[in-house]
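K.L.:
To start, I am sharing the structure in question, which I have written as structure tokens.
The values are calculated or read from the model by the stated rules, or taken from the named source; none is laboratory data. The shown structure was predicted, so the numbers you read here are calculated from the model rather than taken from an experiment. FYI the Cβ positions are ideal-geometry reconstructions off the backbone, even for glycines, and counts take in every protein chain you see.
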Amino acid sequence: MPRILAFDTATSFGAVCGVGERRARAARAGDLLKAVDELVENPRDVEAIVVGRGPGSFTSIRIGLAVARSLALTLGVPVAGATTLHGYEVALAVVDARRGEVFTPGPRVCRPEELDVTGRTLVGDGAVRYRALFEAAGATVPPDDDDAHLPDPRLLVAHAGPFGAAELVEPLYVREPDARPVA
């Protein structure tokens, strides 16, 4: 089985990465390479890369993709993308979309109160941010520091698209950006 480095930077929890069963985390997406350094003793051992492509924070997604592309070009390895939402199992992934909205599987963006969450377990930074609303609606949200809120790199690998050239992996944006060109 090839040694695959997998990571995601789309949530407000920073960067999470893994190689096989080993995991590392950085508090900020911009510190992803520090987490990679914790896991990878010899970069030449990496045979492929899987990167979370969102949805999530625009800037953080771009950081993850840029790191994946630079590592892939430097190491000469293929890259595959996976949706951040596939990094969660057993529970409904709810990623903070800012502006009073969340990303959920589909993927779709909606206001948190629009979700039917009665009797469901919710995970992700959106579940943490809107905990009171979700729990009042009958959902269960694990404690804030529970690792269930972090995308699992092994699941990203399991759900990754085809491997290929790094530039072929595109970000997954679910809504239009806030910035608009000036006419």
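K.L.:
Here is a list: Val109, Val102. Which entry is assigned to a strand (DSSP E or B) and surrounded by fewer than 22 Cβ atoms within 10 Å (Cβ to Cβ)?
P.N.:
None of the other options fit; the residue is Val109.
K.L.:
Still on this structure, I have one more. Go through the range 112-122 and count every residue that is in a strand (DSSP E or B) and surrounded by fewer than 23 Cβ atoms within 10 Å (Cβ to Cβ).
P.N.:
The qualifying residues number 1.
K.L.:
Still on this model: With respect to the numbered conditions (1) farther than 22 Å from Ala158 by Cβ; (2) buried (at least 21 other Cβ atoms within 10 Å of the Cβ), which one is the sole condition not fulfilled by Ser70?
P.N.:
(2)
K.L.:
Given the criterion in contact (Cβ under 8 Å) with a residue 40 or more places away in the chain, out of contact with any Gly (no Cβ under 6 Å at 6 or more places or on another chain) and within 22 Å of Val51 (Cα to Cα), identify the matching residue among Leu172, Leu150.
P.N.:
Being in contact (Cβ under 8 Å) with a residue 40 or more places away in the chain, out of contact with any Gly (no Cβ under 6 Å at 6 or more places or on another chain) and within 22 Å of Val51 (Cα to Cα) holds for just one of Leu172, Leu150, which is Leu150.
K.L.:
Here's another thing I want to ask about it. Restricting attention to the range 138-183, and to residues there that are surrounded by 12 or more Cβ atoms within 10 Å (Cβ to Cβ) and among the small types (Gly, Ala, Ser), which single residue is farthest from Leu71 (Cα to Cα)?
P.N.:
This residue is Ala139.
K.L.:
Just to be sure, is Pro112 more than 14 Å from the chain's Cα centre (by Cα) and in the same structural domain as Val67 (by TED's automatic domain parsing)?
P.N.:
no
K.L.:
Going through the range 15-49 one residue at a time, which ones are in contact with a helix residue (DSSP H, G or I) (Cβ under 7 Å, 6 or more places away or on another chain), touching a residue at least 40 places away in the same chain (Cβ under 8 Å) and small (Gly, Ala, Ser)?
P.N.:
Those that are in contact with a helix residue (DSSP H, G or I) (Cβ under 7 Å, 6 or more places away or on another chain), touching a residue at least 40 places away in the same chain (Cβ under 8 Å) and small (Gly, Ala, Ser): Ala15, Gly18.
K.L.:
Restricted to the range 50-68, and to residues that are of a type in the set (Val, Ile, Thr), touching a residue at least 40 places away in the same chain (Cβ under 8 Å) and in a helix (DSSP H, G or I), which residue is farthest from Arg129 (Cα to Cα)?
P.N.:
The residue in question is Val67.
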